[in-house]
Amino acid sequence: MIKYRKDFIEVHHIKPMNEIGEEYIVNPTEDLIPVCSNCHSMLHRKINGKTVSVEVLKEIVNKNKK
């Protein structure tokens, strides 16, 4: 493994921030999911006009594994 990538991860808000109010207190266990940078970008991209959920992205990745 390349050293500069070791121990690096991003966090994705499962419920979009624009859907929660300012008073909402984020629960890291329930509201956040650790993802790699590429997956994080894909989770913010729309496919067929819809935002991709974590579950759908997992299906896409598993379907395309070789």
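The values are calculated or read from the model by the stated rules, or taken from the named source; none is laboratory data. As the structure is a prediction and not an experimental result, all values here were calculated from the model. Note that we place each Cβ from the backbone using ideal geometry, even for glycine, and neighbour counts take in every protein chain shown. Heads up: the accessible areas ignore ligands, DNA and RNA and are worked out on the full protein's heavy atoms, side chains in. Shrake-Rupley method; radii C 1.70, N 1.55, O 1.52, S 1.80 Å.
Among the numbered conditions (1) at pLDDT 90 or above; (2) on the phi > 0 side of the Ramachandran plot, the only one that His44 does not meet is (2).
The combined condition, being of a type outside the set (Gly, Ala, Ser) and in contact with a Leu (Cβ under 8 Å, 6 or more places away or on another chain), is fulfilled by Leu43. Could you please find all residues in the range 31-47 being closer than 14 Å to Ile9 by Cα, free of Cβ contacts under 8 Å to residues at least 24 places away in the same chain and aliphatic (A, V, I, L, M)? Once the filter is applied, which keeps residues that are closer than 14 Å to Ile9 by Cα, free of Cβ contacts under 8 Å to residues at least 24 places away in the same chain and aliphatic (A, V, I, L, M), the range 31-47 yields Leu32, Ile33.
Taking the criterion of being without any contact (Cβ under 8 Å) to a residue 12 or more places away in the chain and not acidic (Asp, Glu), the residues of the range 48-59 that qualify are Asn48, Gly49, Lys50, Val52, Ser53, Val56, Lys58.
For Lys65, state whether it is of a type in the set (Lys, Arg) and in a loop (DSSP other than H, G, I, E, B).
Values: of a type in the set (Lys, Arg): yes; in a loop (DSSP other than H, G, I, E, B): yes.
Judged against the criteria, Lys65 is a match.
Residue count for the range 9-51 under the criterion of being hydrophobic (A, V, I, L, M, F, W, C), open to solvent by less than 90 Å² (accessible area, probe 1.4 Å) and not in a loop (DSSP other than H, G, I, E, B): the result is 8.
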